[in-house]
Amino acid sequence: MKRGEQQKILHKGSNDKVNVFITLLYPHMNGIKFNTSKTRNSNDFINHLESIKRYVLQRTIKRFILVIDNASFHVSKNTKQFIERQSYWLTVLFLPTHAPFLNIVETKVNRNLKKDVCSNYNYETEDNLLCTVRRYLRCFGSWPKL
């Protein structure tokens, strides 16, 4: 731009957020299960756990070990009650508090997602952003091992 000019950027005037619950599937490190949501609460996380449950039961996996951090929706009363009822297939291990560097999803997936999809991009609608996030995460399984 010429000096003294400023580019006009169209926006709605608010920063709507898209929340994504992501689970990496080990030993297939590039396997991924994810759910998008407008909110980030225990009910949304429980819905994500339900989708993991369907994945596990369809593949007749006997035990699924889930490693999660201490986000408020991970340790809420509703979530803990749901996890207790799922003890026949689910074991949950909690990472230490204030240790995001131990969370592989945070360091490998979220960081790249924010850098490649969210930062310095202007999406006309929330649906465009959601579509781009979903497309990015579906391609995650085809990347070389991280």
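Contact map, segment 99-110: residues that are assigned to a helix (DSSP H, G or I) paired with residues that are β-branched (Val, Ile, Thr), Cβ distance under 7 Å, separation 6+ or inter-chain. Pairs shown: 101/107; 105/22; 109/22. Scanning segment 44-68 for residues that are within 17 Å of residue 92 (Cα to Cα) and polar (S, T, N, Q) yields a count of 2. Among the criteria (1) surrounded by 13 or more Cβ atoms within 10 Å (Cβ to Cβ); (2) in a helix (DSSP H, G or I); (3) within 19 Å of the chain's Cα centre (by Cα), the one residue 78 does not fulfil is (3).
Scanning segment 25-64 for residues that are of a type in the set (A, V, I, L, M) and either modelled with pLDDT of 95 or more or surrounded by 13 or more Cβ atoms within 10 Å (Cβ to Cβ) (or both), we see that the one that is nearest to residue 110 (Cα to Cα) is 32.
The values are calculated or read from the model by the stated rules, or taken from the named source; none is laboratory data. Just so it is clear, the structure is predicted and the values come from calculations on it, not from any experiment. Every residue, glycine among them, receives a Cβ derived from its backbone with ideal geometry; neighbour counts consider all protein chains shown.
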